[in-house]
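Asker: What follows is a structure written as structure tokens; I'll ask about it next.
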Amino acid sequence: MNVTAVRTFVAVVDAGQFQDAAADLSITPQAVSKRVAALEKELGVRLLVRDARGARLTVDGQAFLPHARGLLQAAERAVSSVRPGSRALRVDVIGRQLSLAGLLRGFHRAHPGTELDVVTLFDSDTAVAAVRDGAVDATFRAVTAPGHRLPPGVAATPVLDEPVHLFAGPGHPYADAPAITPAQLAGHRIWMPGNAPGTEWTAYYEALAEAFGFVVDTVGPDFGIEPLLDTIAGSTTLATFVSEQTPLVWPAGHALRRIPLVDPTPVYPHCLIWRTDNPHPSLAALRAHLTAARPVRPGGGIWVPEWSRPTDRG
């Protein structure tokens, strides 16, 4: 059904005159008559009759009017659902408990009136494709795969270089160290059963292991963070990595230790990725907030893979 014709019919009813409705709609009276006539032809009934007092509803017109108003309201809701600034800003994060979600929560605290729709896609390729296709407005991604280029019209900007910590139980050889260098991990096993093939975090830790001579053990299954912490707490040989801002809670008896890595400090380089032609005003506000809130890189030298920054920033 032609929504414009329905809107014109309702305007005539509200104005009481074809000429007054034409003035309200900024069109000619002839255009009003044509639209109403086309609607009546589509419905196969007469909706309005003209007399000396103006336009009067027929019985069919009276029956149709409340549905016409409902149709216009539904059309407005449909438009509002996709109108930039009216719909929620849809943002992808890898996990709701990770530091990236914390960045998004910080933005929402600074802009409490902004409606957010937070989704969790799995890998970088899926997330970047969702940005390219308009399924999400932006994604937080840590790294890009070696040789990967962003699609045309998609841009990225660094928002957080997050230091990586060693996470070990009380019996691990480095449990009591205030800090260690990545080179001291040579020959050690780092257990990361959640490192799935083809993901950006797996590529990052493989590059880190190659650079400093330790082994990343991905033998699973991956039962989640709690079983991982249980195993690490009771092991004298296994350790894992966690990002500095990843919030973790574990039983007091585990006595787990976070041990900073220094000289150099491996940092996990998080980027915000978005389409350059996306007009959503909240996206611009999010980018400005992240730029202003971006922490200074740690001193003393950092390490990132050579390929960890997008080669094409749109």
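The values are calculated or read from the model by the stated rules, or taken from the named source; none is laboratory data. Everything quoted here is computed from the prediction, not taken from an experiment. No Cβ is skipped: glycine too gets one built from the backbone with ideal geometry, and neighbour counts run over all protein chains shown.
Asker: Could you tell me which residue of the range 162-178 is modelled with the highest pLDDT, considering only residues that are of a type in the set (A, V, I, L, M) and more than 23 Å from S99 (Cα to Cα)? Full working, then the answer.
Answerer: To start, the set of residues in the range 162-178 that are of a type in the set (A, V, I, L, M) comprises 164, 166, 168, 175, 177.
Cutting the leftovers down to more than 23 Å from S99 (Cα to Cα) gives us 175, 177.
Numbers: A175: 93, A177: 96.
Taking the candidates together, the pick is A177.
Asker: May I ask you to verify whether L150 is touching a helix residue (DSSP H, G or I) at 6+ places or on another chain (Cβ under 7 Å), hydrophobic (A, V, I, L, M, F, W, C) and in contact (Cβ under 8 Å) with a residue 60 or more places away in the chain?
Answerer: Spelling it out, L150 is indeed touching a helix residue (DSSP H, G or I) at 6+ places or on another chain (Cβ under 7 Å), hydrophobic (A, V, I, L, M, F, W, C) and in contact (Cβ under 8 Å) with a residue 60 or more places away in the chain.
Asker: Separate question: For D222, work out the one condition from (1) out of contact with any Gly (no Cβ under 6 Å at 6 or more places or on another chain); (2) without any contact (Cβ under 8 Å) to a residue 40 or more places away in the chain it doesn't fulfil.
Answerer: (1)
Asker: Scanning for something among the basic types (K, R), touching a strand residue (DSSP E or B) at 6+ places or on another chain (Cβ under 8 Å) and surrounded by fewer than 16 Cβ atoms within 10 Å (Cβ to Cβ), does the range 272-280 turn up at least one residue? Walk me through it before giving the result.
Answerer: Narrowing the range 272-280 to residues among the basic types (K, R): 275.
Among the residues that remain, those that are also touching a strand residue (DSSP E or B) at 6+ places or on another chain (Cβ under 8 Å) are: 275.
Applying the additional criterion that residues be surrounded by fewer than 16 Cβ atoms within 10 Å (Cβ to Cβ) yields none.
Among the residues of the range 272-280, not one is among the basic types (K, R), touching a strand residue (DSSP E or B) at 6+ places or on another chain (Cβ under 8 Å) and surrounded by fewer than 16 Cβ atoms within 10 Å (Cβ to Cβ), which makes the answer no.
Asker: Would you mind finding the one in G61, G106, G102 that is surrounded by 14 or more Cβ atoms within 10 Å (Cβ to Cβ), of a type in the set (G, A, S) and within 30 Å of V267 (Cα to Cα)? Walk me through it before giving the result.
Answerer: Details: G61 fails: within 30 Å of V267 (Cα to Cα); G106 fails: surrounded by 14 or more Cβ atoms within 10 Å (Cβ to Cβ).
Selected residue: G102, the only one of G61, G106, G102 that is surrounded by 14 or more Cβ atoms within 10 Å (Cβ to Cβ), of a type in the set (G, A, S) and within 30 Å of V267 (Cα to Cα).
Asker: If I go through the range 99-144 residue by residue, how many of them are assigned to a helix (DSSP H, G or I) and of a type in the set (S, T, N, Q)?
Answerer: 3
Asker: Could you pull out every one of the strands (runs of 3 or more DSSP E) wholly within the range 194-265 that has 2 or more residues that are in the same structural domain as F167 (by TED's automatic domain parsing) and either exposed (fewer than 12 other Cβ atoms within 10 Å of the Cβ) or among the aliphatic types (A, V, I, L, M) (or both)?
Answerer: 215-217, 238-243
Asker: Still on this structure: Residue pairs, Cβ under 6 Å, 6 or more apart or interchain, first in the range 171-192 and among the small types (G, A, S), second loosely packed, with under 14 Cβ neighbours inside 10 Å and part of a loop (DSSP other than H, G, I, E, B). List them.
Answerer: G171/T236; A186/G213
Asker: Here is a list: R105, R77, R56. Which entry is in the same structural domain as H270 (by TED's automatic domain parsing) and without any contact (Cβ under 8 Å) to a residue 40 or more places away in the chain?
Answerer: Result: R105 is the single residue among R105, R77, R56 that is in the same structural domain as H270 (by TED's automatic domain parsing) and without any contact (Cβ under 8 Å) to a residue 40 or more places away in the chain.
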